[in-house]
Amino acid sequence: MTLQPKGFVDEMRMVSMKLHTREQAREGEKEVKGPEERSVSKWNPTVDGYLRFLVESKSVYDALEGIVDKPDFPYYAELRNTGLERSEQLGKDLEWFKGQGYGIPGPSGPGVNYACYLQELSEKDSPAFMCHYYNYYFAHTAGGRMIGKKVAGKILNNKVLEFYKWDGDLKQILQNLRDKINKITLGWTREEKNHCLEETERSFKYSGDILRLILSPA
């Protein structure tokens, strides 16, 4: 028997899980095409590539947090101070790398492109923006955490970055955000919900371009 979604967040999750590969998730249906879609245990990350990933990721989080701080749609304000914000933590991590003698590259790649796209969406297409907001934050707390741990084990002597630390009970923080998104989307039409879900593949494309940087050569 197929379980019916309890709220719109469940629908979003069901669609996003299907876009994972079987190596990434049990519910995955996508074929492996790029190296970043394989199991993390098979990755060969580089510190320079990881730094580029962190810098570009910060561009995206800067954009997301800036958008909800100065919302074009009133309900974006509900997404402030969720406890999942990552921009400040990434800034601390980049300072740590700098202290270790690494040069910090400027943002110039897929993160900047994604940030620009998010800003554009947030101003004119709130259902599509919500798709990206959900997938980017929730992915980091799931597969993103696992990737961070595996990469740290390979190139950072198991150091846990601030990027992977949250204040409080992460499960409760995530549940609070699910409740907020379900409440926000309660009044959406079926067309708006479908439009949001249709944006999932594009959100994976943008985040995949950033994730791939971890495997870029030094």
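The values are calculated or read from the model by the stated rules, or taken from the named source; none is laboratory data. Please read all numbers here as calculations on a predicted model, not as lab measurements. Glycine gets a Cβ as well: all are built from the backbone with ideal geometry, and neighbour counts include every protein chain shown. Just the protein is used for accessible areas: all its heavy atoms, side chains included, with ligands, DNA and RNA removed. Shrake-Rupley method; radii C 1.70, N 1.55, O 1.52, S 1.80 Å.
Structure values in brief
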| item | result |
| --- | --- |
| Of all residues in region 77-129 being among the hydrophobic types (A, V, I, L, M, F, W, C) and over 21 Å from Ala139 (Cβ atoms), the one that is nearest to the chain's Cα centre (by Cα) | Ala77 |
| Among the residues listed as Lys150, Lys180, the single one being among the charged types (D, E, K, R), in contact with a helix residue (DSSP H, G or I) (Cβ under 7 Å, 6 or more places away or on another chain) and at pLDDT 95 or above | Lys180 |
| Filter result (within 18 Å of the chain's Cα centre (by Cα) and open to solvent by 70 Å² or more (accessible area, probe 1.4 Å)) within region 193-218 | Glu198, Glu201, Arg202, Lys205, Arg212 |
| Residue within region 155-165 that is among the polar types (S, T, N, Q) and more than 19 Å from the chain's Cα centre (by Cα) present | yes |
| Residues of region 138-178 classified as within 25 Å of Glu11 (Cβ to Cβ) and among the basic types (Lys, Arg), total | 3 |
| Residues (in a helix (DSSP H, G or I) and open to solvent by 40 Å² or more (accessible area, probe 1.4 Å)) located in region 165-192 | Lys171, Gln172, Gln175, Asn176, Arg178, Asp179, Lys180, Asn182, Lys183, Arg190, Glu191, Glu192 |
| Contacts under 7 angstrom Cβ, first residue in region 180-199 being under 15 Å from Leu121 (Cα atoms), partner open to solvent by 30 Å² or more (accessible area, probe 1.4 Å) and among the aliphatic types (A, V, I, L, M), 6 or more apart | Leu197/Val15 |
| Count - residues of region 109-132 that are surrounded by fewer than 23 Cβ atoms within 10 Å (Cβ to Cβ), under 22 Å from Leu54 (Cα atoms) and not hydrophobic (A, V, I, L, M, F, W, C) | 4 |
| Region 77-93 residues that are among the polar types (S, T, N, Q), paired with ones that are assigned to a loop (DSSP other than H, G, I, E, B) and open to solvent by 20 Å² or more (accessible area, probe 1.4 Å) (beta carbon under 8 Å, 6 or more apart) | Gln89/Lys165 |
| In region 148-163, residue surrounded by the most Cβ atoms within 10 Å (Cβ to Cβ) [restricted to those that are outside any loop (DSSP other than H, G, I, E, B) and either in contact with an Asp or Glu (Cβ under 9 Å, 6 or more places away or on another chain) or of a type in the set (S, T, N, Q) (or both)] | Phe163 |
| Residues of region 18-51 that turn out to be under 19 Å from Tyr137 (Cα atoms), modelled with pLDDT of 70 or more and buried (at least 16 other Cβ atoms within 10 Å of the Cβ), as a count | 3 |
| Given (1) open to solvent by 20 Å² or more (accessible area, probe 1.4 Å); (2) at pLDDT 95 or above; (3) assigned to a loop (DSSP other than H, G, I, E, B), number of the condition Pro71 does not satisfy | (2) |
| Residue in region 75-90 that is among the aliphatic types (A, V, I, L, M), touching a Pro at 6+ places or on another chain (Cβ under 7 Å) and either closer than 20 Å to Lys171 by Cβ or open to solvent by less than 60 Å² (accessible area, probe 1.4 Å) (or both) present | yes |
